[in-house]
Each structure stands twice: as C-alpha cells, then as structure tokens.
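Chemist: Here you go, one structure.
The values are calculated or read from the model by the stated rules, or taken from the named source; none is laboratory data. Just so it is clear, the structure is predicted and the values come from calculations on it, not from any experiment. Positions of Cβ are generated from backbone atoms using ideal geometry, with glycine treated the same way; all protein chains shown enter the neighbour counts. The area values use the complete protein model at the heavy-atom level, side chains included, leaving out ligands, DNA and RNA. Shrake-Rupley method; radii C 1.70, N 1.55, O 1.52, S 1.80 Å.
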Amino acid sequence: MFRQYPLTLQIEPVRRCNLSCKICMRGNLNDMDSTLSLDDFKKILKSRYFRYAGMHGWGEPLLNPHLFQMIEYAESERVYTNLTTNGTLIGEHIDMVFGSGLREIAFGVYDNHLLGSILPQIKELIREREKQGFKIPRVYMDITVYKGNLDRIFDLLALAAEAEVDAVILHRLFNVYNVDPTVEYISVKEEKALFINVKRLTRKRGLELYLPQRHSLPCKVVRQCVFVTAEGKVTPCCFLPEMYLGDALKEGVKKIIRSKRYADFVKTMREHPICSKCRW
C-alpha cells in the first residue's frame, strides 16, 4: 500500500554543479541554476512528516552556502540527515561536516579518475573523525555501475577499502533519458555475476556492502520518498525532476502528496513513459 506520507524527504540544495559527468542527466534539464534558500528549506521541513532528509539532486550540494545550516536545522528537528556529494569540495568543509551533526555522507563516483582525485579528502575526513572520537558521519562510497566501468569496479572497491570507508553502495545506472549514447546498462547476467564476486571481495576486505534491490512497480522510492527541487517543486522521484505535482512553498507537502494528481500518478506508474522503463 502507498504511504499516506513519505518518511524520506529527498531535497535538492542546488541545481548548479562543478562537474559535467557523462552519466548525469543534468544537461537534459531546463533549470540548471536554482539554489534553495535556508528559509525555504525550513518551510518545506516544517510539516514534520519526515524522519530522514537526503540532501542531493542534480547539482553539487556543497555549492549551496547554507547547506550546513540546513543540516543543523534538520538535526535540531530530529530529522536524520544524509549528504550525497561528488567530493571535490569536501576538503574545505570538513569542520562544517562535524559541526552540523550530519549523520551520513556518501561520495558518488563512477570512475577511477574521479575517485582518485577525491580520495585524499575522503581519507582526511575519516582521519579527522577518528582523531576527534566522533561516531558520525558514517562514510559511504556510492558507485554507479554501467557497461563502461564494469571492468573497473574491483579497482574502485580496492580504493574504497584503502580509504577505510564504512560501507560501499552499488547503484544501477539510470539512463532512460539516453543522456550519452556511449553509456550503456550491463545485462542481468553481468549484474548477477558482478554481485556474486563483489560480495566475495567485500567480505574478504571487511567492507559493509549495499546492493540494489530487485526493481518493482510501484517502486519503493515513490512509496517511501518525495523529491523536492531547489525551486521548491514537488516531484514523485529525483529521476522525474521536472514532473511537477505541486509547489511545496505555496501548497505544502502534505496537501500535494494527498492530492488526486499524486494518487493518479502512483496508480498509473506502470504506463508512465519513464517509470515503465526504469531499472534503478
């Protein structure tokens, strides 16, 4: 059954980014420059429906100057916070990470070059956490798997182990919009073989591992989450960032997710041109 309200708020601090990753659909969007204000974040969060706030979207969250104030505010409201970042700017924000009360931080990577460039900063973050005796944030390596990096997944896992991250997350590629013709999905057979070998390797290295679940419709993301863009627009999924079902700042999240238009989307998800093709 679809929940009457989501437990997880996925919210986009900013739509701008300092990278142009070929697996990212950001270049297909009309809005590429919005920034969420601290006041608007507080308005969106005030519904008190959310137990968890994931700070991510189609931009680099650390480009929002008020990001850590948002995290600190959410934590003060007893909302568990997570940040997903490309990691390129984390070195200059380490003190803010610890000062904000952030619970989890995930570094999104898909190739060795990017991970190699941010690895020193990840190590510094973990060293400082251990030095200060902090238990948070937990640090994750979030790896997107696709045809182009299939033969490098184990190199990425080795680097994750070297950095002593708390866990590794593997994600399937999302490329329904065909953002780059050279970016291809791996087959079901390849995925099955990969996951068997990844389980063996991570167990050997003592790495905690999270693998994607079997995809189903209505999907677990829409059942448990709601995505709000940097402009305050409510969408059912971060992969539908311009399918607006309402304005959180004008209507409020509660009204939108209880609306007929939201319910109709959930009911017809199997026929939706994007959702029907999604494997994520």
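Chemist: Which value, in debye to the nearest 20, describes the size of the charge dipole of the stretch 107-154 about its Cα centre when Lys and Arg Cβ atoms bear +1, Asp and Glu Cβ atoms bear -1, and nothing else is charged?
Modeler: On the way: 8 positive and 6 negative charges, 39 e Å.
Using Cβ point charges on Lys, Arg, Asp and Glu, the stretch 107-154 gives about 180 debye.
Chemist: Find the accessible area per residue for the chain; the probe is 1.4 Å, ligands and nucleic acids are left out, and the unit is Å².
Modeler: Result: 49 Å² per residue.
Chemist: Using a 1.4 Å probe, how large is the accessible area of Asp155, given in Å² and rounded to the nearest 10?
Modeler: 80 Å²
Chemist: Calculate the length of the line joining the C-alpha centroid of the stretch 1-59 to that of the stretch 222-272, in whole Å.
Modeler: 12 Å
Chemist: Sequence-distant or interchain residues sharing an amide H contact under 5 Å with Glu208, placed H: which?
Modeler: Distant-sequence amide H within range of Glu208: Val168.
Chemist: Determine the order of Glu184, Glu92, Glu75 by accessible area, beginning with the largest, at a probe radius of 1.4 Å.
Modeler: Numbers: Glu184 95, Glu92 130, Glu75 30 Å².
The most accessible residue leads, giving Glu92, Glu184, Glu75.
Chemist: Quantify, in whole percent, the carbon and sulfur part of the accessible surface of the chain (1.4 Å probe; protein heavy atoms only).
Modeler: On the way: 6780 of 13630 Å².
Answer for the chain is 50 percent, counting heavy atoms of protein chains only.
Chemist: Roughly how much of Phe154 is accessible, in Å² to the nearest 10, using a 1.4 Å probe?
Modeler: 80 Å²
Chemist: Shifting gears a bit: Among the lysines, select those whose C-alpha is under 25 Å from the C-alpha of Lys199, and discard any that sit fewer than 8 residues away in the same chain.
Modeler: Output for Lys199: Lys123, Lys147, Lys189, Lys220.
Chemist: For the stretch 5-90, with the dipole built from +1 on Lys and Arg beta-carbon atoms and -1 on Asp and Glu ones, taken about the Cα centre, which of Leu9, Thr35, Cys24 lies farthest toward the positive end?
Modeler: Looking along the dipole axis, the top candidate is Leu9.
Chemist: Let me ask something else about it. Could you go through the stretch 58-73 in sequence order and give the Karplus-derived ³J(HN,Hα) for each residue, using 6.51 cos²θ - 1.76 cosθ + 1.60 with θ = phi - 60°, rounded to whole Hz, and x for Gly and Pro?
Modeler: Listing the rounded values in order: 9, x, 8, x, 5, 7, 8, x, 9, 3, 6, 5, 4, 4, 4, 5 Hz.
Chemist: Using the Karplus curve 6.51 cos²θ - 1.76 cosθ + 1.60 with θ = phi - 60°, work out ³J(HN,Hα) for each residue of the stretch 20-37 in order, rounded to whole Hz, and write x for Gly and Pro.
Modeler: With the stated coefficients, the stretch 20-37 comes to 10, 6, 6, 8, 8, 8, 4, x, 8, 8, 6, 8, 10, 9, 6, 10, 7, 7 Hz.
Chemist: Right, here's the next one. Select one label from (i) 15.8; (ii) 14.1; (iii) 14.8: the one whose number is mean projected area of the Cα convex hull in nm² as derived from the coordinates shown.
Modeler: Computed from the coordinates, mean projected area of the Cα convex hull in nm² corresponds to (ii).
Chemist: Moving on to the next point. Largest first, how would Glu130, Glu251 line up by accessible area (1.4 Å probe)? Numbers along the way, then the final one.
Modeler: Working: Glu130 110, Glu251 65 Å².
Solvent-accessible surface, decreasing: Glu130, Glu251.
Chemist: Mind listing the phi-derived Karplus ³J(HN,Hα) values for the stretch 231-240, rounded to whole Hz, using 6.51, -1.76 and 1.60 with θ = phi - 60°, and x for any glycine or proline?
Modeler: Values, residue by residue: 8, x, 7, 8, 10, x, 7, 5, 8, 10 Hz.
Chemist: Another question, if that's okay. Taking the full set of protein chains and a 1.4 angstrom probe, give the accessible area of Ser187 in square angstrom, rounded to the nearest 10.
Modeler: The accessible area comes out at roughly 50 Å².
Chemist: Something else: Can you list the residues, at least 5 places off or on another chain, whose amide H is less than 5 Å from the amide H of Tyr52, using H built in the peptide plane?
Modeler: Excluding prolines and chain starts, which carry no amide H, the hits are Leu9, Tyr80.
Chemist: Cysteines without a disulfide-compatible partner in the chain, using Cβ under 4.7 Å as the rule?
Modeler: Cys17, Cys219, Cys225, Cys237, Cys238, Cys275, Cys278
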